[in-house]
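This report refers to the structure that appears directly beneath it.
The values are calculated or read from the model by the stated rules, or taken from the named source; none is laboratory data. Owing to the predicted nature of the structure, the values given are computational and were not obtained by experimental measurement. No Cβ is skipped: glycine too gets one built from the backbone with ideal geometry, and neighbour counts run over all protein chains shown.
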Amino acid sequence: MKSTVLALLLLVAVQCLALGSRTAAAAKVRRTRQGDYLNRLRGSPSSRASWESLAAVEEEQTTTKATGRPAPAAVAAEAGRKEADRVEALPGQPSGVDFAQYAGYVTVDAAAGRALFYYLAEAVGGNGDGSSSKGKPLLLWLNGGSGCSSLGYGAMEELGPFRVMSDGKTLYRNPYSWKAGSTVLFLESPAGVGYSYSNTTADYGRSGDNRTAEDAYLFLANWLERFPEYKGREFYITGESYAGHYVPQLAHAILRHASPAINLKGIMIVFFFFEPWCNSQNIPSILNSVTS
């Protein structure tokens, strides 16, 4: 315990020295927020074209030119596809599992061949029709990074129903799984993360926050057609790290589209990342909460 406290105090000292260095430098040079530097970079001749190109692509994909309003969601026929996604058992899964599991792909752009992968763990007692978990909310989990897999991290190392044994082959029950109080939907987003993919290679270079949010919205709109029992269910968006961008922007997309099928009740972000300057302001309070 003493060594832990000493280590934390040393970390605080390093942070204080770094802060002191920045303060001394500010006496000679006017302090400029990081956002100003980013704006200068975006406005420079070397980067202006790429930023404007990405912004134009995202704007065209997310709005209609005539009205400036969100483009209507492309909802495909999903009836009958739910059972094809049912997971009878994961490799190495323990016996006596008392909840339904599903996994599969939902296409968000048929022309580009872009599809997002999901894994669903119903609340305890879920039998596949949503009836036994009807009173429990639906929770969407997004890992950040950006680029971290929601299946590999969120589902298998954090809040999912199972954890992986040291042999790398056997699963055991996670006593801290969130599915006890909710049905958890893990989404691999954007395309290129985990099992999510695009048949258009250029998509990976054009991916940005706006399109990521719209793709996630299209995923939800189509996924709910595949799982209609969750339409109107209390819905929460959660995530960590760079999901500090993903979560609120997806919530904003849902509100803009005003879909009656998505009953958004709230959002939650764990260990969020907004931008470096903002996050650094929270270090002292976090260290204080750990040592007190």
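So here's what we get for this one:
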| item | result |
| --- | --- |
| Odd one out for Leu120, checked against (1) modelled with pLDDT under 95; (2) under 20 Å from Pro190 (Cβ atoms); (3) surrounded by 13 or more Cβ atoms within 10 Å (Cβ to Cβ) | (1) |
| Failed condition for Leu185, given (1) over 16 Å from Val97 (Cβ atoms); (2) more than 20 Å from the chain's Cα centre (by Cα); (3) of a type in the set (A, V, I, L, M) | (2) |
| Residue in the range 178-188 that is surrounded by fewer than 17 Cβ atoms within 10 Å (Cβ to Cβ) and closer than 20 Å to Val106 by Cβ present | no |
| Which numbered condition Gly168 fails, given (1) at pLDDT 95 or above; (2) in a loop (DSSP other than H, G, I, E, B) | (1) |
| Lys231 farther than 17 Å from Ile267 by Cα, exposed (fewer than 15 other Cβ atoms within 10 Å of the Cβ) and basic (Lys, Arg) | no |
| Some residue of the range 215-228 being hydroxyl-bearing (Ser, Thr, Tyr) and either without any contact (Cβ under 8 Å) to a residue 12 or more places away in the chain or part of a loop (DSSP other than H, G, I, E, B) (or both) | no |
| So Ser189, is it in contact (Cβ under 8 Å) with a residue 24 or more places away in the chain, in a loop (DSSP other than H, G, I, E, B) and among the polar types (S, T, N, Q) | yes |
| Gly92, sole failed condition from (1) surrounded by fewer than 17 Cβ atoms within 10 Å (Cβ to Cβ); (2) at negative phi; (3) part of a loop (DSSP other than H, G, I, E, B); (4) at pLDDT 90 or above | (2) |
